[in-house]
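Taking it in order: structure first as structure tokens, then the write-up.
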Amino acid sequence: MESEVLDTMQKNLEYSLMEYIDMGAQMAIKQDVYDLSEMVFHSGEGDVEKNIRDLKRSLGVMAGMSSNILNISVISSDGRACQYDSLLRSQSMMWSDEDGEDLTGVYERLKLQANSQTVPRSIVTLSPAVPTVSPEQVFHIFYPLIGRHYSFSQMNRMLAVTST
């Protein structure tokens, strides 16, 4: 009986993770998210504040796909984050400037993973640790943000989904 319960729990966990991995992979190739993040982080074209609001709005729509998603962020190669926090904490977002070094390390690992031809081209991790935002354990899934270019070698941003 215990074995059957554990098998069922394992299948449920695998199903849940695959749901998030598939959802994130679809988000990582959305052209509007790619273009807005390019304008926010690299080109500086147009009204930067408006571009940040538009990017956060797009991330918010994606966060609405699951009640378990706490945060969706686009993170640059240097560790800067534009994020939508589903808890709408105005004083403290999930990723802060202090997390930049950790996020840069994750970015480097993800870039190696994405260019290694292994599948999935994402990283699931419990770190970097974030202040407790939920009574449950949170995990992060990082995806290469590539838009329609499908070029992992030229990746310069990643998408992060944090969930319970």
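Every number here is computed from the coordinates shown, using simple stated rules; none is lab data. All values reported here derive from a predicted model rather than from experimental measurement. Methodologically, a virtual Cβ is constructed for each residue, glycine included, from the backbone with ideal geometry; neighbour enumeration extends over all protein chains shown.
Inter-label distance, S153 to Q31: 2.4 nm, where each label sits 7 Å from its Cα along the C-beta direction. Take each peptide in 67-73, 106-112, count the other Cβ atoms within 10 Å of every residue, and average; sorted highest first, the result is 67-73, 106-112. Peptides 49-56, 32-39, ordered by how many other C-beta atoms sit within 10 Å of their residues on average, highest first, read 32-39, 49-56.
Taking each residue as 0.36 nm, the span from T125 to S67 lengthens on full extension beyond its C-alpha to C-alpha distance by 18.9 nm.
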